[in-house]
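Q: This is the structure I have questions about; it appears just below.
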Amino acid sequence: MLSLDFINTVAFAGLVLFLGHAVRRVAPVLSRYNVPAPVIGGLLVAVAVTAARAQGVTLVTFDTRLQAPLMIAFFTTIGFGASLSLLKVGGPQVLIFTLLCTVLAIVQNVMGAGLAALLGQHPLFGVLNGSVTLTGGPATGLAFAPLFEKAGVPGASTVAVASAMAGIISGGLIGGPIGTLLVRRHRLAQAHAALPTDPPIAQQIVEDQLTDVAPSVPAGEDKESYALLKALVVILAAMWAGSVVSARLEASGLTLPAYIGAMLVAAVIRNLDDATGMVGLSQRTIDDLGNVALSLFLVLALMTLRLWELAGLALPMIVILTFQVGLIGAVCFWPVFPWMGKDYDAAVMSGGLCGFMLGTTANAMANMEALVDRYGPAPRAFLVVPMVGAFFIDFINAVLITVCLNIWR
């Protein structure tokens, strides 16, 4: 048996991460449906460990002490994305789309809890197969899994990954066809004239809004290194202050994930910096650090999955997820399409919504890119959907899940 300490475990996780990237390259279907490389690599290890366990063999033991800090670091970077100035750039449509997605996340959880109860499961089992893993994706599911297990949902981590993977595949499968159906049914292809702004330029508006605004770099310091160091220190400071906030909130009797305090502190810092420019944060650099933390966290979490815990839960999961996919598909026709303008951009947004309300923002972008490649640019859709999918809904979803945990615990 191989026994790894926490440094060796992270090193092993890094190798497994790049194994996932290699598998994606040789199996294009995985890239087509935006299955993340950390998920691929981590699941391969989990399958190998499970197969060995079936033979009475323990292949390896991991020290996952760094898993929680990496998870908190990632969600702290999500908090830094909750910029009110970014909301203003998107205008009323970003607000409307955010509200629609918030209501949808609530419905996902209420419907999931109701179906779970009817199927003889804990209501939180339905929530876990609701906005936790569908709107939130595998990272949110794995982050909240320990709290769900404490609340009475056995095998929550394994259920979370299975649900998230089903959502990612479903979001990639139905988003493009729904957008295409809307375009054809309302004859939007004929009415849509080519616009001078293409999707990448529209996305640049978002990126420019959150570019590093530091007034100067100290003499002798490399600009990129200084920006990286500053972002890292601010993330760590937010995690430190956030741990104090979380402790105070938990002392009041609330059930909270470990990262909530850090995410709230990060949002405050983000908006204070937007107003004063005192720190000069670069959201692009923060996001890069967040993606590194996310990748390693996912691999660490997935390598230790107990896949055998899915036995007996497959049927309830399939029933709940079938209803969830049907819900998201239906709301694209109403109210999302008419409320977002009943035009070509609204049809593209509907395809994008399928992506990130069932899977990830990567699914949303892939769905929309497939539509614009065929019918022409949709700059408004490429401005609104990434803002909501990548910044606002993750923040809101964490609050909604916390409320559900405190209602049904």
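Only the coordinates and a few stated rules stand behind these numbers; no lab work does. Treat the numbers as computed from the prediction; the structure is a model and nothing was measured. Reconstructed Cβ throughout: ideal geometry from the backbone, glycine too, with neighbour counts over all protein chains shown.
Q: Let me check I've understood the local charge: for residue 75, count other residues with C-beta under 15 angstrom from its C-beta, Lys and Arg +1, Asp and Glu -1. What total comes out?
A: Working: positive: 270; negative: 287, 394.
Residues near residue 75 contribute -1 overall.
Q: Could you work out how much longer the chain between residue 44 and residue 117 gets when fully extended? Use 0.36 nm per residue separation minus the Cα distance between them, nm to one decimal. All intermediate terms of the calculation are to be shown ahead of the outcome.
A: Numbers: separation 73, 0.36 × 73 = 26.28 nm, distance 3.27 nm.
Working it through step by step, the gained length comes to 23.0 nm.
Q: Looking only at segment 237-270, which residues have a backbone nitrogen under 15 Å from a spot 7 Å from the Cα of residue 409 in the C-beta direction?
A: Those under the cut-off are 246-261.
Q: Sticking with this one: Relative to the present Cα-Cα distance, how much length would full extension add between residue 315 and residue 55 at 0.36 nm per residue of separation?
A: Stretched fully, the residue 315-residue 55 segment lengthens by 91.0 nm.
Q: Hey, another quick one. Give me the distance in nm between label points sitting 7 Å out from Cα along the Cα-to-Cβ direction at residue 224 and residue 187, one decimal.
A: Each label point lies 7 Å from its Cα, and together they span 5.3 nm.
Q: Continuing with this model, one more query. Normalised by the number of residues in the chain, what is the relative contact order in percent for Cα pairs under 8 Å and 6+ residues apart?
A: It comes to 31 percent, rounded to a whole number.
Q: May I pose another question? Over 22 Å, how big is the tail of the calculated P(r) for segment 284-409, in percent of all Cα pairs?
A: Here the long-distance tail beyond 22 Å is 52 percent of all Cα pairs in segment 284-409.
Q: Another question, if that's okay. Distance cut-off 32 Å, Cα to Cα: go down the list 230/342; 88/342; 88/223 and report the pairs above it. Write out the running numbers ahead of the final one.
A: Working: 230/342 44 Å; 88/342 22 Å; 88/223 29 Å.
The pairs that break the limit, which is 32 Å between Cα atoms, are 230/342.
Q: Another question, then. Which value, in Å³ per residue, describes the convex hull spanned by the Cα atoms of segment 1-138?
A: Convex hull of Cα atoms, per residue: 176 Å³.
Q: Could you tell me how many cubic angstrom of Cα convex hull volume segment 343-385 has per residue?
A: Considering the Cα atoms of segment 343-385, their hull volume per residue is 50 Å³.
Q: Here is a follow-up. For the chain, what does the helix formula give at 222 nm: sum of -39500 (n - 2.57) over DSSP H segments with n ≥ 4, over the residue count, nearest 500 deg cm²/dmol? Show your work: numbers first, answer last.
A: Details: 19 runs with 296 residues, N = 409.
Using -39500 (n - 2.57) per qualifying helix, the result is -24000 deg cm²/dmol.
Q: Another one. Can you bin segment 237-276 into rounded, prolate or oblate? Criterion: square roots of the alpha carbon gyration tensor eigenvalues sorted a ≥ b ≥ c, rounded for a/c under 1.5, prolate for a/b above b/c, oblate for the rest.
A: prolate
Q: Next question. What is the Rg over Rh value, at two decimals, for segment 29-95, using alpha-carbon atoms and the Kirkwood definition of Rh?
A: 1.22
Q: Taking amide H atoms as placed 1.01 Å from N in the peptide plane, list the residues 5 or more away in sequence, or in a different chain, whose amide H sits under 5 Å from that of residue 61.
A: The answer is 2, 3, 4.
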